[in-house]
Structures are given as structure tokens and as C-alpha cells.
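Enquirer: Below are the C-alpha cells for one structure; questions will follow.
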Amino acid sequence: MCTLTRKLLIAGNWKLNNTIVQSAELVKDLLKINCETHKIDIVVAPTFTAIKVVNDLLSKSSIKVAAQNAHWEENGAFTGEVSPQMVKEVGGQWVIIGHSERRQFFGEVEETVNKKVAACIKSDLKVILCIGESLEERQSGNTFDVLDRQLLGGLVGLDDNDMASIVIAYEPIWAIGTGNTASSEQAEEVHCYIREKLIGMYNQSVADLTRILYGGSVKPNNAGELLSKPNVDGALVGGASLLASDFCKIIDAALESIN
Ligand code: 13P
């Protein structure tokens, strides 16, 4: 039930890093190493201000561009926000929604995450919906309750068709930026749980087709092991996506895992 092959997705979340000039350099490095491939999907998520430049540089490449956030309204009195349509206007095709750093530092909760996911889907953007527990929640045995809440809350009102545009990223907060990656067994256990949950929320086919990425200290030296698990359908990479050689090694590991 948990073994169907899905196209892997490797996404680089650059977070609040790289000026426009640095972003362009990173993209040029990626293109120089020539790690792109049609066998897996590759996405990079620069800051809003760099999306256009990055997208222009990638125009002949199969690598797609994501925003790291988007507001749910198209326009209006929402100082500081950027709408899904505006992301599209500069070439973004994907949006990361509900990252734990947004939940932790910017007060995002299930309801706002859900509004953002719905607005992005309505604007024909693909979404990487992030969920994951803190160390405290894991240690107190609440991992699955937290994931239930974030998954159910984030996907309210979204139907089977919408799910074709949604990728789930499991990012345990204790593994993000700490070097303490989840073991491949821990990741597989949670990914299987999420997939089972999707059967209950939707059906077998949606659960089989939805990609579930792992994120949290994914590096060239652990990517192969993580990606060898049948329910780990790719990675959401932070720190290691800032160096073209490391990001490309992770892409290579993904390619090796499907060969
Ligand atoms: P790191 O790979 O730096 O741990 O970050 C993971 C992450 O938060 C990706 O969204």
C-alpha cells in the first residue's frame, strides 16, 4: 500500500539568504554543474525580491521557482504582503506554505495556513505544505496529534483535484538547521502515517499520488539513505541548498535512488 513510485522532488528553500546578485550567482553555479534532469522535479525558493532574476536565469532550464510564502488576498490593505498572483507575475510556479519558521516567528496558525494554501491553488500555483512537530511535542508523545492537526487544518476545503497541486513536506522542527536529521526509519514512519491519514481524508488514489518530502538537515551525506525509503518522495533542503555543489549532490543522490 505504501510502495507506489512517485516522481521525486528536490526543493531548495533559501530562506532569508542571498541578495539578488548572490541568488544569480547561485543559479549560474547550478547551471554550470548541470544537475538538472527531467527524471525528478527540482525547485528553488529564493526571497521574493530575487524570484524574477532567478526565474529569468532558469527560463531554459527544467528547474522551477517557488516563493517562500504568499498572502491569501489578491490585493488590499495588507501592508507587507505579497499575493499569489504577484508570485505568478514574476515567474513563481510553486509556493512554500506553513513553514515552521512562519508558524514560530510570524504567528501562522492552521487557519491562515489553510487560507494561503487555498488561495495559491485558486491561482494555479503548486504548494509545498509544511508540517512537523517540535522536540517537546515529540518527547511528550504528541507527534501524531500535531501532524493530524496541521494536516487536517491546512487542507480544510481542499478536494481531490486540489490535492494534485499539493506536496506535503514533513519537517520536524528539531531537525531543522540543527544537523540532527531524523533517521530514515523515523522519516519513513511519519511519512507512512501521513499517507494513511490521506487515505482517510481523501482516498487511496490521492494518498498514492501525493508526494511527501522530508526536510530537516538534509545533506549530501544523508540524502541517499533518506531517499531510499519508499515513502520519502523527495527533500526540502535548507542550508545545503545554498551551495550549488551540495544541492547537486543531493539531486544526484535522488537520481541514484531511482536507478
Ligand atoms: P535545513 O536543511 O537547513 O535543516 O532546513 C530545512 C528547512 O527548513 C527547509 O525548509
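The values are calculated or read from the model by the stated rules, or taken from the named source; none is laboratory data. Predicted model only: the values in this text are computed from it and were never measured. Cβ sites come from the backbone with ideal geometry, for glycine too, and all protein chains shown count toward neighbours. What goes into the accessible areas is simple: the full protein's heavy atoms, side chains included, and nothing from ligands, DNA or RNA. Shrake-Rupley method; radii C 1.70, N 1.55, O 1.52, S 1.80 Å.
Enquirer: Within region 80-189, considering only helices (runs of 4 or more DSSP H) that don't extend past its boundaries, which have at least 2 residues that are surrounded by fewer than 18 Cβ atoms within 10 Å (Cβ to Cβ) and either of a type outside the set (Phe, Trp, Tyr) or more than 16 Å from the ligand (Cβ to nearest atom) (or both)?
Expert: Of the helices (runs of 4 or more DSSP H) lying wholly inside region 80-189, those with at least 2 residues that are surrounded by fewer than 18 Cβ atoms within 10 Å (Cβ to Cβ) and either of a type outside the set (Phe, Trp, Tyr) or more than 16 Å from the ligand (Cβ to nearest atom) (or both) span 84-89, 110-122, 135-139, 143-154, 160-163.
Condition check ((1) free of Cβ contacts under 8 Å to residues at least 60 places away in the same chain; (2) exposed (fewer than 15 other Cβ atoms within 10 Å of the Cβ); (3) in contact with a helix residue (DSSP H, G or I) (Cβ under 6 Å, 6 or more places away or on another chain)) across all residues:
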position: VAL21; (1), (2), (3): yes, yes, no
position: LYS28; (1), (2), (3): yes, yes, no
position: PRO46; (1), (2), (3): yes, no, yes
position: LEU57; (1), (2), (3): yes, no, yes
position: ILE63; (1), (2), (3): yes, no, no
position: ALA70; (1), (2), (3): yes, no, yes
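Enquirer: Do you know which residues across region 204-238 are open to solvent by 50 Å² or more (accessible area, probe 1.4 Å) and either at pLDDT below 95 or within 14 Å of the ligand (Cβ to nearest atom) (or both)?
Expert: Result: LYS219, ASN221.
Enquirer: In region 1-79, which strands (runs of 3 or more DSSP E) lie fully inside it and hold 3 or more residues that are closer than 19 Å to ASP124 by Cβ and either hydrophobic (A, V, I, L, M, F, W, C) or in contact with a Leu (Cβ under 7 Å, 6 or more places away or on another chain) (or both)?
Expert: Ranges flagged: 41-45, 64-67.
Enquirer: Looking at (1) hydroxyl-bearing (Ser, Thr, Tyr); (2) more than 23 Å from LEU213 (Cβ to Cβ); (3) touching a helix residue (DSSP H, G or I) at 6+ places or on another chain (Cβ under 6 Å), which is the only condition SER83 fails?
Expert: With (1) hydroxyl-bearing (Ser, Thr, Tyr); (2) more than 23 Å from LEU213 (Cβ to Cβ); (3) touching a helix residue (DSSP H, G or I) at 6+ places or on another chain (Cβ under 6 Å) applied to SER83, the lone miss is (3).
Enquirer: Then there is this: Give the residue that is most open to solvent (accessible area, probe 1.4 Å), with candidates limited to residues of region 239-259 that are acidic (Asp, Glu) and away from the ligand (no atom under 11 Å from the Cβ).
Expert: My answer is GLU256.
Enquirer: Across region 206-224, what is the number of residues that are farther than 19 Å from VAL43 by Cα, touching a residue at least 12 places away in the same chain (Cβ under 8 Å) and polar (S, T, N, Q)?
Expert: Number of matching residues: 1.
Enquirer: Pick from LEU213, LEU226: which is in a helix (DSSP H, G or I) and under 28 Å from GLU136 (Cβ atoms)?
Expert: That would be LEU226, the only listed residue that is in a helix (DSSP H, G or I) and under 28 Å from GLU136 (Cβ atoms).
Enquirer: A further question follows. Kindly evaluate ILE194 against the criterion of being in a helix (DSSP H, G or I), farther than 23 Å from ASP124 by Cα, within 15 Å of the ligand (Cβ to nearest atom) and open to solvent by less than 10 Å² (accessible area, probe 1.4 Å).
Expert: Taking the combined requirement at face value, the residue does not satisfy it.
Enquirer: All but one of (1) more than 28 Å from GLN93 (Cα to Cα); (2) modelled with pLDDT of 95 or more hold for THR178, so report the exception by its number.
Expert: (2)
Enquirer: What single numbered condition from (1) under 30 Å from ASP246 (Cα atoms); (2) open to solvent by less than 50 Å² (accessible area, probe 1.4 Å) fails to hold for ILE199?
Expert: Checking ILE199 against (1) under 30 Å from ASP246 (Cα atoms); (2) open to solvent by less than 50 Å² (accessible area, probe 1.4 Å), the one that fails is (1).
Enquirer: Of the residues that make up region 4-13, is at least one more than 16 Å from the ligand (Cβ to nearest atom), open to solvent by 20 Å² or more (accessible area, probe 1.4 Å), under 30 Å from ASP208 (Cα atoms) and of a type in the set (Val, Ile, Thr)?
Expert: Yes, region 4-13 contains a residue that is more than 16 Å from the ligand (Cβ to nearest atom), open to solvent by 20 Å² or more (accessible area, probe 1.4 Å), under 30 Å from ASP208 (Cα atoms) and of a type in the set (Val, Ile, Thr).
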